[in-house]
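Everything below concerns the one structure shown next.
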Amino acid sequence: MDVTAIGAGICAITGIGAGLGIGLATGRACDATARQPEASGKITTQLLLGCALAEATAIYGFVLGILLIIMK
């Protein structure tokens, strides 16, 4: 069994974590906006920042997985 393929597969799991994190954050932001519509600007700003950070971890995992396959 090739160790590089296992490493690349583990790196791909970061996409699952990012998807779950962004989904939970979006759901909570919708709840918060429904409860306090006047705070939607602040909620949106924090949501976008959190989603960007979560997506960055998925991109890092994707790039690392590609590099593991290419540099084999």
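Bear in mind these aren't lab numbers, they're just calculated from the coordinates by the rules spelled out. Values in this document were obtained by computation on a predicted structure and should not be read as measured data. Quick reminder, even Gly has a Cβ in these numbers, built from the backbone with ideal geometry, and neighbours come from all protein chains shown.
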**Prompt:** Do we find that G9 is part of a helix (DSSP H, G or I) and either under 30 Å from I70 (Cα atoms) or in contact with a strand residue (DSSP E or B) (Cβ under 7 Å, 6 or more places away or on another chain) (or both) in this structure?
**Reply:** yes
**Request:** Among residues belonging to segment 12-46 that are basic (K, R) and surrounded by 11 or more Cβ atoms within 10 Å (Cβ to Cβ), point out the one that is nearest to I66 (Cα to Cα).
**Result:** R28
**Message:** Condition first: loosely packed, with under 12 Cβ neighbours inside 10 Å, within 21 Å of V3 (Cα to Cα) and either over 14 Å from the mean Cα position of the chain (by Cα) or acidic (D, E) (or both). Can you find one or more residues in segment 62-70 that meet it?
**Reply:** yes
